[in-house]
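Structure first, commentary second.
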Amino acid sequence: MPLPSPAFVIEEDKMRRNLERVADVARAAGVDIILALKAFAYWPAFPIIAEYLPGATASSLNEALLIEKHFGRQPHVYAPVYRPAEFRQIAAMAHHLTFNTLTELERYRAEWEELGTSVGLRVNPEYSPVETDLYNPSNKHGRLGETLPNLPTRPPRGLRGLHVHTLCESDAAATATLIERTRAQFGHYLEQIEWLNLGGGHLMTREGYDTSRLIGVLTDLRKRYPHLKVTLEPGSAHVWQTGYLQCTVLDIVNNYGSATLMLDVSFTCHMPDTLEMPYRPVVRAASAEEKEGYAYPYRLGGMSCLAGDYLDTYYFRQPARVGDTLIFEDMAHYTTVKSTMFNGVPHPDIVVVDAEGDVVQHRSFGYADYEARMG
């Protein structure tokens, strides 16, 4: 059975390989590694993920409800700010709940104390290897977490955890440095609390990632603070290189010697990180750079009305034709959750296929989905 176009296609066997590797790291290091829904929230795949992971983390009430209903576990929760009308509901269901500031922790104290919620505080160790400002949360003037000068000498009454998150698709060396900086700045708190959440960005399923070093630094951390429960919440790692976005060439536009392939997907709607980060996605059977054997250059155009909805030139081995299939690699993480219906552009189908290529899950989107968002 041919797959639809456009479609996000998730390969179950590759996802299971990633999840097995993550679970092996968690067992070896004696830590919990959970799924961050901000990177992947396709809940029909949650039963597969739940076979390997003990839980998931939410940054909103909607994500928390999705975890509770479809993952079947209490969500870990962190949000940069909580809406007053939603706070009690989200605090009542949370396994751990992290506040972004001391003022918010105190504002809701009566409620979380009454509920007995295990609460933590996000802190900013002022370290990150991330060079793109849009994805770097460690700015000392930033809005994500308290810096050391803001903290009292002793943890506030009832505080049970700390949360740090400054990595993005980072290696084990970055995790080691993050732990060192956290210990150096907040070690006096670590001695007195119950849990530490090291956030996401630990890309332990990327080829060449030094999992032995990651296990080592986590093991050392637990030896130094044997009373601490340590949690990591990567998003990309679980579905890294497990899915692709398949699309079709609908037209070819030629202006002043520059040819653009018009696709049935949109970069601003379906792959926004390619414009925001920005990064050059891998296109199967094409090259992002001019090289021998790739003699046919084309820009890639999205189907929205945004002028900048395109990617600069890719090079192909042969001339493109209307009806050709293009495949953007590694499009399972973040793309599915960040997609929009701007301009009424149809959302790609989401398909899970097993090792034999048989479709085991299929979600399609139509006019009713677009209409429901607006009224």
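The values are calculated or read from the model by the stated rules, or taken from the named source; none is laboratory data. Keep in mind it's a predicted model, so treat the numbers as computed, not measured. A quick note on method: Cβ atoms are made from the backbone with ideal geometry, for glycine too, and the neighbour counts reach across all protein chains shown.
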inquiry  = Being closer than 21 Å to Y334 by Cβ and in a helix (DSSP H, G or I) narrows it down to one residue among R27, R16, R88; which is it?
reply    = R16
Filter result (aliphatic (A, V, I, L, M) and free of Cβ contacts under 8 Å to residues at least 24 places away in the same chain) within segment 85-101 = A85, L97
task = Please tell me if F328 is modelled with pLDDT of 95 or more, within 24 Å of the chain's Cα centre (by Cα) and closer than 22 Å to R280 by Cα.
result = yes
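Go over the candidates L148, L167, L134 one by one and state the one that is surrounded by fewer than 17 Cβ atoms within 10 Å (Cβ to Cβ) and either out of contact with any helix residue (DSSP H, G or I) (no Cβ under 9 Å at 6 or more places or on another chain) or free of Cβ contacts under 8 Å to residues at least 40 places away in the same chain (or both).
Numbers: L167 fails: surrounded by fewer than 17 Cβ atoms within 10 Å (Cβ to Cβ); L134 fails: either out of contact with any helix residue (DSSP H, G or I) (no Cβ under 9 Å at 6 or more places or on another chain) or free of Cβ contacts under 8 Å to residues at least 40 places away in the same chain (or both).
On inspection, the qualifying residue turns out to be L148.
Conditions tested, residue by residue: (1) closer than 27 Å to V77 by Cβ; (2) in contact (Cβ under 8 Å) with a residue 40 or more places away in the chain; (3) surrounded by fewer than 19 Cβ atoms within 10 Å (Cβ to Cβ).
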site: Y209; (1), (2), (3): no, no, no
site: E233; (1), (2), (3): yes, yes, no
site: S236; (1), (2), (3): yes, yes, no
site: C247; (1), (2), (3): no, yes, no
remark   = Picked from segment 262-307 (must be part of a loop (DSSP other than H, G, I, E, B) and in contact with a Pro (Cβ under 8 Å, 6 or more places away or on another chain)), the residue nearest to M331 (Cα to Cα) is M271
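Residues are listed down the side, and each one gets a yes or a no for (1) buried (at least 19 other Cβ atoms within 10 Å of the Cβ); (2) charged (D, E, K, R):
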site: R299; (1), (2): no, yes
site: Y314; (1), (2): yes, no
site: Q318; (1), (2): no, no
site: R321; (1), (2): no, yes
site: V352; (1), (2): yes, no
Checklist (1) surrounded by fewer than 19 Cβ atoms within 10 Å (Cβ to Cβ); (2) of a type in the set (F, W, Y); (3) over 28 Å from S212 (Cβ atoms) applied to Y189, failing item = (1)
key: All positions within segment 130-186 that are outside any loop (DSSP other than H, G, I, E, B), closer than 20 Å to D273 by Cβ and of a type in the set (G, A, S)   = S170, A174
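Listed here are the residues, each with its yes/no results for (1) crowded, with 19+ Cβ neighbours inside 10 Å; (2) among the polar types (S, T, N, Q); (3) assigned by TED's automatic domain parsing to the domain that holds T231.
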| site | (1), (2), (3) |
| --- | --- |
| R27 | no, no, yes |
| A41 | yes, no, yes |
| A45 | yes, no, yes |
| L61 | yes, no, yes |
| A64 | yes, no, yes |
| Q74 | no, yes, yes |
| E106 | no, no, yes |
inquiry  = Need the failing condition index for N62 against (1) among the polar types (S, T, N, Q); (2) free of Cβ contacts under 8 Å to residues at least 24 places away in the same chain; (3) not in a helix (DSSP H, G or I), just the number.
reply    = (3)
Of the criteria (1) surrounded by 20 or more Cβ atoms within 10 Å (Cβ to Cβ); (2) assigned by TED's automatic domain parsing to the domain that holds A172; (3) touching a residue at least 60 places away in the same chain (Cβ under 8 Å), which one L221 fails = (3)
key: Every residue from segment 102-129 that is in contact (Cβ under 8 Å) with a residue 40 or more places away in the chain, in contact with a helix residue (DSSP H, G or I) (Cβ under 6 Å, 6 or more places away or on another chain) and assigned to a loop (DSSP other than H, G, I, E, B)   = P125, Y127, P129
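Could you list all residues from segment 308-328 that are in a loop (DSSP other than H, G, I, E, B) and β-branched (V, I, T)?
We begin by selecting, within segment 308-328, every residue in a loop (DSSP other than H, G, I, E, B); these are 308-309, 317-324.
Across segment 308-328, the qualifying residue is only V322.
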